[in-house]
1. Let me confirm something: among Ala100, Ala177, Ala150, Ala109, which residue is over 30 Å from Ser311 (Cβ atoms) and among the aliphatic types (A, V, I, L, M)?
2. Which pairs turn up if I take residues in region 290-306 that are assigned to a strand (DSSP E or B) and look for partners that are surrounded by 24 or more Cβ atoms within 10 Å (Cβ to Cβ) and of a type in the set (Gly, Ala, Ser) with beta carbon separation below 9 Å, at least 6 apart in sequence or on another chain?
3. Taking region 169-214 on its own, how many of its residues are in a helix (DSSP H, G or I) and surrounded by 18 or more Cβ atoms within 10 Å (Cβ to Cβ)?
4. Go through region 95-119 and count every residue that is over 12 Å from Leu70 (Cβ atoms), outside any helix (DSSP H, G or I) and within 17 Å of the chain's Cα centre (by Cα).
5. I'd like to check something: does region 88-98 contain any residue that is under 27 Å from Gly163 (Cα atoms), in the same structural domain as Asp312 (by TED's automatic domain parsing) and out of contact with any strand residue (DSSP E or B) (no Cβ under 7 Å at 6 or more places or on another chain)?
6. What's the number of the condition Ala291 fails, among (1) buried (at least 23 other Cβ atoms within 10 Å of the Cβ); (2) hydrophobic (A, V, I, L, M, F, W, C); (3) more than 21 Å from the chain's Cα centre (by Cα)?
7. Look through Ala69, Ala129 and report the one residue that is among the small types (Gly, Ala, Ser) and modelled with pLDDT of 95 or more.
8. Of a type in the set (Val, Ile, Thr), under 30 Å from Gln315 (Cα atoms) and in contact with a helix residue (DSSP H, G or I) (Cβ under 8 Å, 6 or more places away or on another chain): does that describe Ile195?
Amino acid sequence: MSTRRGLAALAAAASITLLLGACSSGGADAASGGSDSVDAATATSLADFGSLADLEAAAKAEGQLNVIALPRDWANYGAVLDAFAAKYPEITINEASPDASSAEEIQAAETNAGLDTAPDVFDLGLTVALENTDKFAPYKVEQWDSIPEALKEESGLFTGDYGGYMSIGYDSSKFDAPEELSDLLDDDYKGSVAINGDPTQAGAAFAAVGLATVQNGGDLDDFGPGIEFFKELNAAGNMLKLDVTSATVASGETPVVFDWDYLNVTHAADNPDWKVKILPGTGYAGYYNQAVNADAPNPAAARLWQEFLYSDEAQNLWLAGGARPVLADAMEEAGTIDADLFEALPEAPSEVVVPTSDQSATAGELLGAEWAAAVG
């Protein structure tokens, strides 16, 4: 695997992480799906339904799929949602709170527990996934064996799906490319640098602090150096406290952004001067994870959605969005990956880190205690 494509580096960096971690009448009535012997809510694999056709029949009988926190401009999610809708027009997709954080997904599940408005599925950063395994129903998709061991929870509670590297996006008409993290402390960046969310709740923002930690000589056992960097950035008057969206990038409100490389790349569609830089030195990698809500009101549709997300079609749609699909290696071997898009991915750092579950928990506690005071 080339460093440009970088899936092997991501998987290797993540391996220790997962090894150490680890009321609607429509939903209820359709739980038995296309067969009286099948309970969709307890199905742990396609075999429990009998076949994909049986699962499809059960999901169509439910007729609904509730998703949450899936911005259409995030990793090409709009195309993924539309492709599922085109394939299964009998299933209405209800898209709730597209800009919600991973933590807010879990909160929505708790608030709507037992209602037909509860999310059926989750898309989560690793830290939030590790903290909420009791909310998930184990399910192993048909492609389970082709997913790298490092990127899946062994019982199927959650599974990595697409990922990338923390990067810095910037408006090249206003700024030169930062050569190192400390450049962002310069006066040239006054009131210009944003992160994507709150690091106590959002995976991308958490990763920004992680990147700042390892880029400042620290390690993932202690996010202190990363918090200190953003404290300095804020004290210098360079930190923007705005939620980053395509609109804020297009308007120039957030001209410098810490975010995953595949998310930063998409902003070039709205701003032709937008460039993306993966800083030299140690890189910070991460995958977002899919999970089924244990209390999903539409349990068959939830599992059909999982099967679709790990199909060649959806995996290539992640790639079209600039993300690294979890099945890239298997698809390359099978000849089913879009080779041009795969080769065009930005060059990955040679050294990559991903926090273990213990490191993530410790970092989360430290951020909860110190972040608000550090950035005001």
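The values are calculated or read from the model by the stated rules, or taken from the named source; none is laboratory data. Predicted model only: the values in this text are computed from it and were never measured. With ideal geometry, Cβ positions are generated from the backbone for all residues, glycine too; neighbour counts draw on all protein chains shown.
1. Working: Ala100 fails: over 30 Å from Ser311 (Cβ atoms); Ala150 fails: over 30 Å from Ser311 (Cβ atoms); Ala109 fails: over 30 Å from Ser311 (Cβ atoms).
Result of the check over Ala100, Ala177, Ala150, Ala109: Ala177.
2. Gln290/Gly160; Ala291/Ala129; Val292/Ala302; Asn293/Ala302
3. Qualifying residue count, region 169-214: 15.
4. Number of matching residues: 1.
5. yes
6. Ala291 satisfies all of (1) buried (at least 23 other Cβ atoms within 10 Å of the Cβ); (2) hydrophobic (A, V, I, L, M, F, W, C); (3) more than 21 Å from the chain's Cα centre (by Cα) except (3).
7. The conditions single out Ala69.
8. Numbers: of a type in the set (Val, Ile, Thr): yes; under 30 Å from Gln315 (Cα atoms): yes; in contact with a helix residue (DSSP H, G or I) (Cβ under 8 Å, 6 or more places away or on another chain): yes.
Spelling it out, Ile195 is indeed of a type in the set (Val, Ile, Thr), under 30 Å from Gln315 (Cα atoms) and in contact with a helix residue (DSSP H, G or I) (Cβ under 8 Å, 6 or more places away or on another chain).
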